[in-house]
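Presented below is the structure to which this report refers.
The values are calculated or read from the model by the stated rules, or taken from the named source; none is laboratory data. Owing to the predicted nature of the structure, the values given are computational and were not obtained by experimental measurement. Here the Cβ positions follow ideal geometry from the backbone for every residue, glycine too, while neighbour counts run over all protein chains shown. For the accessible areas, the whole protein counts, side chains as well, though only heavy atoms, and no ligand, DNA or RNA atoms are used. Shrake-Rupley method; radii C 1.70, N 1.55, O 1.52, S 1.80 Å.
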Amino acid sequence: MKQTKYKIILIAGARPNFMKIAPLMHALKDHPVLDAILVHTGQHYDEKMSHSFFEQLNIPKPHINLEVGSGSHAVQTARIMERFEQVCFTEKPDMVLVVGDVNSTAACSLVASKLHIKVTHYEAGLRSRDREMPEEINRLVTDAITDLYITTSQDASENLVQEGIPVSKVHMLGNLMIDSLVAQLEKAAAIQLKLVDIEGESIDRNWQDTEQGYAVMTFHRPSNVDDQAALGALVEQWIKTAELLPVIFPIHPRTQNMLEQFGLLDELRSAPNIYLTGPLAYLEFLKLVSESALVITDSGGIQEETTYLKIPCLTVRPTTERPVTIWEGSNQLIKAEEIYTKAVECLGSSKASFRIPKYWEGQSAGRIVGLLESFADSSESND
Ligand code: UD1
């Protein structure tokens with residue numbers, strides 16, 4: 001019988017990974033059987049895109065940082081693979097656990113699989129059916145070589161089974177992002193928000209005290225922000241929507257770069273009632289969203305967070321890999337040119353039909369660690 005602990009490398013790469021990894025690292029702390037090693041690929045690396053999340057979510061310092069930084073998809077993926085393979089040679093893990101759908105997810109699962117290391121994918125089975133999204137390719141690649149599938153909703157489990165994955169490998173155990181949200185909501189509510197604009201000047205205009213409340217907006221999908229015509233049409237709608245209520249817009253670095261490149265940033269900055277900030281830390285963003293009247297976004301995770309918070313969410317995308325947020329939650333998919341009219345509709349609508357999906361209650365990490373324990377146990381008895 002094996003005497004050493006079952007070694008699991010957990011991969012964190014980009015901003016939306018961190019709130020999924022945090023509850024797992026906490027649940028695995030000092031575990032008697034499972035030894036958790038945290039590897040940060042360095043896909044995101046800024047203070048605001050990475051470090052502040054580790055601090056606020058109390059994630060232990062990564063054991064290893066691959067420091068890959070930004071690059072084209074191929075460059076970033078290749079760099080992660082090359083560096084992560086060395087880590088696998090040295091650490092000899094029994095399992096690699098990846099989360100989400102970013103380049104780090106696909107790169108690390110590919111490396112592990114080729115070295116015959118078991119791969120667990122948390123957030124498996126989500127499908128937008130839109131192969132123009134880099135994330136969809138990452139999901140398909142990862143799920144093709146995963147050994148243990150953990151899903152966040154029933155529809156994701158059904159997608160996997162339809163693709164031929166045996167039911168016995170698929171486990172619907174809930175939503176880790178909601179674990180982090182539930183754990184931090186009270187702390188977020190208590191903080192004093194001090195917003196700073198993208199030039200570093202403090203925003204002290206009174207955006208919080210309007211009768212209709214305020215909206216929060218985030219955009220970073222390449223399909224929305226990398227194309228000049230698409231981004232120009234969005235800017236027009238954003239400015240019009242700000243006639244309805246104040247709009248707080250924490251800008252992703254990709255979006256700020258593209259606005260600058262297309263000469264659209266000054267128009268947006270000088271528009272009344274739109275407040276541009278840099279990316280916010282987790283608690284600040286949670287406070288902002290949880291007290292908002294409306295969210296307008298193209299993010300994946302924010303569709304889930306607004307569903308839990310029962311805040312109406314307008315997602316400016318043709319598809320979503322998270323349809324449960326529409327069937328049960330507060331989300332709807334819209335076109336760019338509909339932002340203003342849908343915002344008017346949302347602000348006057350009831351929230352009575354919004355529901356929270358099964359197991360999105362803050363207890364997912366415990367269920368997942370339970371599954372990992374029994375998987376480790378069964379691999380040991382097969383040794
Ligand atoms: C990545 C993920 C996306 C996720 C998003 C969340 C992939 C394919 N995409 O997209 O699924 O929703 O993260 O943010 O994995 N940059 C910085 N500082 C950083 C990181 C990036 O300034 O810490 C800038 C760089 O100019 C970089 C650009 O942002 O080129 C885009 O970053 P990148 O990681 O390539 O993709 P995201 O758009 O962030």
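Annotations
- Average projection, convex hull of the Cα set of the stretch 72-171: 6.1 square nanometres.
- Close amide-amide hydrogen proximity is noted between GLY13 and THR41, each under 5 Å apart and 5 or more residues distant or on a separate chain (H modeled in the peptide plane; Pro and chain starts excluded).
- The stretch 185-347: radius of gyration over Cα atoms, expressed as a fraction of 2.2 N^0.38 Å: 0.96
- Segment SER223-ARG129, length gained on full extension (0.36 nm per residue, minus Cα span): 32.4 nm
- Cα-based convex hull volume of the chain per residue, rounded to whole Å³: 131 Å³
- Here is the result for the stretch 35-84: no trypsin sites (Lys or Arg not before Pro) lie in DSSP coil with at most 10 other C-beta atoms within 10 angstrom of their C-beta.
- Under 17 Å from a label point set 7 Å out along the Cα-to-Cβ vector of LYS335, the amide N atoms of the stretch 288-318 belong to 315-318.
- Solvent exposure of the chain as accessible area per residue, Å², 1.4 Å probe: 43 Å²
- Bins of 5 Å from zero: percent of alpha-carbon pairs in the stretch 1-147: 2, 10, 21, 23, 22, 14, 6, 2, 1, 0
- Calculated Rg and Dmax of the stretch 245-296 using C-alpha coordinates, Å: 11.9, 33
- In a DSSP loop and with at most 16 other Cβ atoms within 10 Å, the trypsin sites (Lys or Arg not before Pro) in the stretch 87-138 are ARG129, ARG131.
- Checking every one of the chymotrypsin sites (Phe, Trp or Tyr not before Pro) in the stretch 14-88 against DSSP loop status and a limit of 15 other Cβ atoms within 10 Å picks out no site at all.
- Extension gain for GLN162-HIS73 works out to 29.2 nm (0.36 nm per residue, less the C-alpha to C-alpha distance).
- A probe of 1.4 angstrom, applied to the heavy atoms of all protein chains, finds PHE354 with accessible area near 30 square angstrom.
- Kirkwood Rh in Å, taken over the stretch 293-380 so that all alpha-carbon pairs contribute: 14.5 Å
- Cut-off under 5 Å, modelled amide H: who pairs with LYS7 long-range: ASP35, ASP94, MET95
- 21 Å Cα-Cα reach of LYS20 towards lysines, excluding residues that sit fewer than 8 places from it in its own chain: LYS7, LYS29, LYS48, LYS61, LYS118, LYS169, LYS187, LYS287, LYS310, LYS358
- Top of ALA190, ALA12, ALA36 by mean-square fluctuation, Gaussian network on the chain, Cα under 10 Å: ALA190
- Net charge dipole, the stretch 185-347: roughly 300 debye, given to the nearest 20, about the Cα centre with Cβ charges of +1 for Lys and Arg and -1 for Asp and Glu.
- The chain: DSSP helices with Cα axial extent of at least 15 Å and average Kyte-Doolittle hydropathy no lower than 0.5: 176-190
- Size descriptor, Kirkwood hydrodynamic radius, that averages inverse alpha-carbon separations across the stretch 256-335, Å: 14.0 Å
- List ILE356, ILE37, ordered by accessible area with a 1.4 Å probe, largest first: ILE356, ILE37
- Reciprocal mean inverse distance between Cα atoms of the stretch 21-65 - Kirkwood radius, Å: 11.2 Å
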